[in-house]
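K.L.:
Pasting in a structure now, in C-alpha cells, and then I'll have a few things to ask.
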Amino acid sequence: MENRHTQPNHIKNLYGSGAGFVPKQPVPIGGVVLRNDEIEYNVGRPTTTLKVRNTGDRPIQVGSHFHFFEVNRYLEFDRDAAFGTHLNIPATTAIRFEPGDEREVEVVPFAGKRRVIGFNSLVMGYAGTEDDPVYYPARTAAIARMHAEGFACCCTKRKHSKTE
C-alpha cells in the first residue's frame, strides 16, 4: 500500500533530484548571494531618445517600469513615440524632473505580452506598436484619450530610434 503522504513520481521529477546551487559559504536565513560580474539589461533591444520637459510647478519622478506614454500629464514629450515603452534605466530606479527641467531620456519597449493595465488608465490592454485587426485598437483609443484628458504632448522632439 502506498503512503498517501508521499509525493507521486511525476511531482518529484518536476524539481529534479540534484542538490542544485550550493554556496561556498553558509548563507544566513534571508541572506542574498550576489554575482561578481556586472548585469547588463536591455542589450540589443531597440531604444528611442525623447526630449522631455516638466511644464508643471512641482517635481515629477518617473519609475523604471512605468508606462512612459502615461506618465504625469505635465511632462511634455512625444507621447506617440513613447507608446508601449518604459525608461531604459535599471529596475527600481527613477528619474526626477524638476519644474521647468528639460532633458533627454531613453525608452525601451516592454517585453513579453506587452499588456499595460492601470497607470493612468489610458491603455488598459495591448501596448505593442502593431495596431491592426488582430489586436485590440488600444493605441488609437489611448492616443485619443490622452488628448481628451489634457496630457501634454508634442510630436516633434523625437530623435532617431536605434538598436544597441
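K.L.:
Test residue 81 against the stated conditions and say whether it is buried (at least 16 other Cβ atoms within 10 Å of the Cβ) and among the aliphatic types (A, V, I, L, M).
P.N.:
Against the criterion (buried (at least 16 other Cβ atoms within 10 Å of the Cβ) and among the aliphatic types (A, V, I, L, M)), residue 81 qualifies.
K.L.:
Would you mind telling me which numbered condition in (1) surrounded by 13 or more Cβ atoms within 10 Å (Cβ to Cβ); (2) within 23 Å of residue 149 (Cβ to Cβ); (3) not hydrophobic (A, V, I, L, M, F, W, C) residue 49 fails?
P.N.:
Every listed condition holds for residue 49 apart from (2).
K.L.:
Here are some conditions: (1) loosely packed, with under 13 Cβ neighbours inside 10 Å; (2) in a loop (DSSP other than H, G, I, E, B). Residue 61 meets all but one. Which one does it not meet?
P.N.:
Status for residue 61: all satisfied but (2).
K.L.:
Scan (1) within 24 Å of residue 44 (Cβ to Cβ); (2) at pLDDT 90 or above for the single condition residue 74 breaks and write down its number.
P.N.:
(1)
K.L.:
Right, something else. What do you reckon, is residue 152 assigned to a loop (DSSP other than H, G, I, E, B), modelled with pLDDT under 85, of a type in the set (Gly, Ala, Ser) and over 26 Å from residue 42 (Cα atoms)? Full working, then the answer.
P.N.:
Values: assigned to a loop (DSSP other than H, G, I, E, B): yes; modelled with pLDDT under 85: yes; of a type in the set (Gly, Ala, Ser): yes; over 26 Å from residue 42 (Cα atoms): yes.
Against the criterion (assigned to a loop (DSSP other than H, G, I, E, B), modelled with pLDDT under 85, of a type in the set (Gly, Ala, Ser) and over 26 Å from residue 42 (Cα atoms)), residue 152 qualifies.
K.L.:
Additional query: Would you confirm whether any residue within region 66-73 is without any contact (Cβ under 8 Å) to a residue 60 or more places away in the chain and more than 16 Å from residue 109 (Cα to Cα)?
P.N.:
yes
The values are calculated or read from the model by the stated rules, or taken from the named source; none is laboratory data. The structure presented is a predicted model; accordingly, all values stated were derived computationally and were not measured. Cβ: placed from backbone, ideal geometry, glycine included. Neighbour counts: every protein chain shown.
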